[in-house]
Amino acid sequence: MTTRRENVRLEHGSYGKKLLPDGKYLMEVKISGAVPLWFTKIISGLNVYPVSFSKYGTEFKQYVLTNYESEQKQFIDELRVRNGNLNITMGTMPNSDGGNLN
């Protein structure tokens, strides 16, 4: 399963950034009503178990994290240039009620 943000038309072929790590697979099963006992036994025997996974949510999360890290790196690089290549560490500071300030 892959994702991409350019050339999204089907005639451009199947390529892009992987959404799942190597060795992980997604099987989508849609059943109206109760799951048949025979089906449950088969997939349990194969060690297949239900998990929550959102294709769109996973792609969006990766996109946001990638852009945030890029913007944060650019910000830190600009600070270093302005401040003579000083070591800069970014993080959170605790506030008075035990939470963190952003």
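The values are calculated or read from the model by the stated rules, or taken from the named source; none is laboratory data. Fair warning: this is a prediction, and the values are worked out from it, not measured in the lab. Virtual Cβ from ideal backbone geometry, glycine too; neighbours counted across all protein chains shown. What goes into the accessible areas is simple: the full protein's heavy atoms, side chains included, and nothing from ligands, DNA or RNA. Shrake-Rupley method; radii C 1.70, N 1.55, O 1.52, S 1.80 Å.
Across segment 2-22, what is the number of residues that are surrounded by 10 or more Cβ atoms within 10 Å (Cβ to Cβ) and touching a Ser or Thr at 6+ places or on another chain (Cβ under 9 Å)?
Of the residues in segment 2-22, 7 are surrounded by 10 or more Cβ atoms within 10 Å (Cβ to Cβ) and touching a Ser or Thr at 6+ places or on another chain (Cβ under 9 Å).
Name every residue in segment 29-71 that is in a loop (DSSP other than H, G, I, E, B) and among the polar types (S, T, N, Q), in order of residue number.
Ser32, Asn47, Ser52, Ser54
Output the number of residues of segment 23-62 satisfying the condition of being over 12 Å from Met1 (Cβ atoms) and open to solvent by 100 Å² or more (accessible area, probe 1.4 Å).
13
So the check is Cβ under 6 Å with 6+ separation or different chains; which pairs have a first residue in segment 48-63 that's at pLDDT 80 or above and a second one that's not hydrophobic (A, V, I, L, M, F, W, C) and not in a helix (DSSP H, G or I)?
Glu59/Thr3
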